[in-house]
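The values are calculated or read from the model by the stated rules, or taken from the named source; none is laboratory data. On a predicted model such as this, the values are computed, not experimentally measured, just so you know. Cβ placement follows ideal geometry from the backbone for every residue including glycine, while neighbour counts extend to all protein chains displayed.
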Amino acid sequence: MSRTSTTRLGAFALSFLLVGFLVVTGSRAAFTDTTSNDGNSWAAGTVSLTDDAASVMFNAADLKPGDTLENCIVVTYGGSLDADVTLYSESLTGDLGTYLDLEIQIGTGGSFDDTATADGQNAASCTGFTADSTIYPAGTVAGFAGASDDFASGVGTWGPSTGESMTYRFEVTVQDNDLAQGDIASLNFVWEAQNQ
């Protein structure tokens, strides 16, 4: 047998085997099965605070020694996540804060009624308020601003449930100090909630 015939025979045999393999592989039947986990979804929780104040709590001018103003504000947690709430201050301006005594209590009842002004000493009211604790006792407005200026240094940490409210009562008294004459003070009270 010649070398050409052997090569042709080998090529033919190889082609035959390859075609047979493709036919068997292409027509092969198989059992199959799958499992799936459908409809996966994700939703972020919420942290939400509101208060019942229709305006600023204090807007008092022409204060004199011994003047005392109070106001209440109700803060409500509406978030879906467990959270902690603290009270702190920001943006203190003026020097009068050094001569304004401040006490802050938390409790139940009462509500924001009106802005506290110097006219009649207190147009606002905390009628119905019952104190649970004093969260800032016998300090000054300036002292509060210096000690509590962010969430971590805030006072009155409270862990509310969704829909739960807390009433905060603020009392401000002008000290009998001649250095307070003509001074001003301005301050923001801030409640912040952070999820646990």
Considering every residue within segment 172-179, establish whether at least one is surrounded by 16 or more Cβ atoms within 10 Å (Cβ to Cβ) and under 14 Å from the mean Cα position of the chain (by Cα).
no
Has segment 92-101 got any residue that is among the acidic types (Asp, Glu), under 19 Å from Asn188 (Cα atoms) and over 27 Å from the mean Cα position of the chain (by Cα)?
yes
Sole miss for Gly66 among (1) surrounded by fewer than 18 Cβ atoms within 10 Å (Cβ to Cβ); (2) part of a loop (DSSP other than H, G, I, E, B); (3) on the phi < 0 side of the Ramachandran plot; (4) touching a residue at least 40 places away in the same chain (Cβ under 8 Å) is condition (3)
Filter segment 43-63 for residues that are assigned to a loop (DSSP other than H, G, I, E, B), among the acidic types (Asp, Glu) and more than 20 Å from Asp183 (Cα to Cα) and give the result.
Asp52
For Gly66, state whether it is of a type in the set (Gly, Ala, Ser), within 38 Å of the chain's Cα centre (by Cα) and modelled with pLDDT under 95.
yes
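For segment 85-119, which positions are over 26 Å from Leu179 (Cβ atoms) and either free of Cβ contacts under 8 Å to residues at least 60 places away in the same chain or among the small types (Gly, Ala, Ser) (or both)?
Of the residues in segment 85-119, the ones over 26 Å from Leu179 (Cβ atoms) are 85-88, 105-115.
Within segment 85-119, Gly107, Thr108, Gly109, Gly110, Ser111, Asp113, Asp114 qualify.
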